[in-house]
Amino acid sequence: MISKACKYGIRAAVYVASRAEGGVKLNVKDIAREVDAPEAFTAKILQILNKHRIITSLKGPYGGFYIEDYQLEQPVINIVHAIDGTAVFWECGLGLKQCSATHPCPMHSKFKAARESLRDVFQNTTIRQLAEELKEGTSFIKNLV
């Protein structure tokens, strides 16, 4: 339902957030390695997240990507909106342009429930919550080797 870019964006934001203490600034290469994503693709995604103020960047020799305390409280849905937009939570599961309660596709009812459930999870989960799980070692954002 969400794009690969969005998945990388969530992983990148969570990784940056997990390193928020102490004012650590991370470069694209390190972030890409830690989230198991291509470096150039990660750079584009980080630019989008910065543009939407989900994370912050600072240019220069002491620069990099970081997240401020107030940004940690953002719901994950903000990342989805920034990268994929809102259509993922409203579009037809079969890709029909005209799908509604009055003109449903065969998957309409089931897909609508799944979409709403996913939207609720993203809306009610903050970047901080995911970063805490990562720091505690109870969750991971990198594939096993």
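Where a number appears in this text, it was derived from the coordinates with a stated rule and is not lab data. This one's a predicted model, so the numbers in the text were calculated from it and none came from an experiment. Heads up, the Cβs are rebuilt from the backbone with ideal geometry, glycines too, and the neighbour counts pull from every protein chain shown.
Cross-link pairs exceeding 23 Å between alpha carbons, from the set Lys4/Lys59; Lys4/Lys44; Lys44/Lys112; Lys7/Lys59; Lys59/Lys142: Lys4/Lys59; Lys44/Lys112; Lys7/Lys59; Lys59/Lys142. Label separation (Lys110 vs Ala40): 4.0 nm, computed from points 7 Å beyond Cα along the C-beta direction.
Relative to the longest principal axis of the Cα atoms of the chain, the long axis of helix 39-51 lies at roughly 80 degrees.
Using the rule -39500 (n - 2.57) for each DSSP H run of four or more residues, divided by the residues of the chain, the 222 nm mean residue ellipticity is -15000 deg cm²/dmol.
At full extension, Thr56 and Gln123 could sit 22.0 nm farther apart than now, given 0.36 nm per residue minus the alpha carbon distance.
Of the residues Arg119, Arg33, Arg19, the one with the fewest other Cβ atoms within 10 Å heads the list, and the complete ranking is Arg33, Arg119, Arg19.
Our coupling estimate for the range 4-15, obtained by passing each phi through the Karplus curve with A = 6.51, B = -1.76, C = 1.60 and θ = phi - 60°, is 4, 4, 5, 4, 4, x, 5, 4, 5, 4, 5, 5 Hz, Gly and Pro reported as x. Were the residues from Gln98 through Tyr70 laid out at 0.36 nm apart, the gain over their Cα-Cα distance would be 6.1 nm.
Under unit Cβ charges (Lys, Arg +1; Asp, Glu -1), what dipole magnitude, rounded to 20 debye, does the chain have relative to its Cα centre?
On the way: 19 positive and 15 negative charges, 98 e Å.
Using only the charged Cβ atoms, the result is roughly 480 debye.
What is the angle, in °, between the Cα long axis of helix 108-123 and the longest principal axis of the Cα atoms in the chain? Nearest 10 is fine, range 0 to 90. On a 0 to 90 degree scale, this one is about 20. Taking Cα atoms only, the orientation of helix 127-136 departs from the longest principal axis of the chain by about 60 degrees.
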